[in-house]
Amino acid sequence: MFQLAAAGPSGFDPLRLNARSVPMRIAFVLAGTLALALASRISVPMVPVPITMQTFAVTMIGALYGWRLGTLTVLAWLGEGMAGLPVLAGGAGGIAHFAGPTAGYLVSFPLMAAMVGWLAERGWTGSRIVASFAAHFAANIFCLALGGAWLATLIGLEKALMLGVVPFVLGALLKSALAAAVLKAVAPRPVHDLS
């Protein structure tokens, strides 16, 4: 059974999800799906795959919510998209997006959240900025690999690399750096005894 548990053993829990009730965690899931829908609206149109802030939001939710609650949040958002709600890139929705050019990227999102959340629970976040960057960048590269592999089945490997992977690597670097910086800023500061 999938538990509604939050962050794990590292103590990184800036939202204090471990201390919150189940109804509050459900509220965080809903807020996370809203954040993902809003991040999906921030996009640069490209063919066949737009550049959006989705991957930034996905990895941040993984780091802030922990791997279980983060994955559940991303799955809930994808479920909203499958149901036709306008939560995907550019306000799109519907099952067709899970079979078209963006399908591989969409499938990677819950796995990205799980990866970053799992690593964050093991200390790859907060004040460990290089490890945090590495966690987010690895998840972004995983997304590009899975998304590019699916896209290659539709348009061929060379086109998939040139249209669905290469243009997104710089964005992955920048979004990973931004995520690491934000998580460093929200990391709990050590308490120093002044007595």
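The values are calculated or read from the model by the stated rules, or taken from the named source; none is laboratory data. From a predicted model like this one, the values you see are computed outputs, not experimental measurements. Cβ placement follows ideal geometry from the backbone for every residue including glycine, while neighbour counts extend to all protein chains displayed. Quick note on the areas: whole protein, heavy atoms, side chains included, nothing else; ligands and nucleic acids left out. Shrake-Rupley method; radii C 1.70, N 1.55, O 1.52, S 1.80 Å.
Couple of notes before you dig in:
- Matching residues, the stretch 88-97, being in contact with a strand residue (DSSP E or B) (Cβ under 7 Å, 6 or more places away or on another chain) and either open to solvent by 40 Å² or more (accessible area, probe 1.4 Å) or of a type in the set (Ser, Thr, Tyr) (or both): Gly90, His97
- When restricted to residues that are open to solvent by 10 Å² or more (accessible area, probe 1.4 Å), under 21 Å from Ala185 (Cβ atoms) and polar (S, T, N, Q), the stretch 42-87 contains 1.
- The residues of the stretch 104-134 that are at pLDDT below 95 and among the hydroxyl-bearing types (Ser, Thr, Tyr), listed by number, are Thr125, Ser127.
- Boolean, Val130 is of a type in the set (Val, Ile, Thr), open to solvent by 20 Å² or more (accessible area, probe 1.4 Å) and under 13 Å from Ser176 (Cα atoms): yes
- Taking the numbered list (1) farther than 28 Å from Glu80 by Cβ; (2) in contact with a Ser or Thr (Cβ under 8 Å, 6 or more places away or on another chain) in turn, Gly117 passes all entries but (1).
- Subset of the stretch 110-124 (residues that are outside any helix (DSSP H, G or I) and crowded, with 18+ Cβ neighbours inside 10 Å): Trp124
- Checking each residue in the stretch 98-109 for being under 18 Å from the mean Cα position of the chain (by Cα) and buried (at least 17 other Cβ atoms within 10 Å of the Cβ) picks out Thr102, Ala103, Gly104, Tyr105, Leu106, Ser108, Phe109.
- Residue check, Ser127 part of a loop (DSSP other than H, G, I, E, B) and touching a helix residue (DSSP H, G or I) at 6+ places or on another chain (Cβ under 7 Å): yes
- Residue that is loosely packed, with under 15 Cβ neighbours inside 10 Å, of a type outside the set (S, T, N, Q) and part of a helix (DSSP H, G or I), where the choices are Leu183, Leu170: Leu170
- The set of residues in the stretch 14-41 being assigned to a loop (DSSP other than H, G, I, E, B), modelled with pLDDT of 90 or more and either in contact with a strand residue (DSSP E or B) (Cβ under 8 Å, 6 or more places away or on another chain) or surrounded by 14 or more Cβ atoms within 10 Å (Cβ to Cβ) (or both) consists of Arg20 alone.
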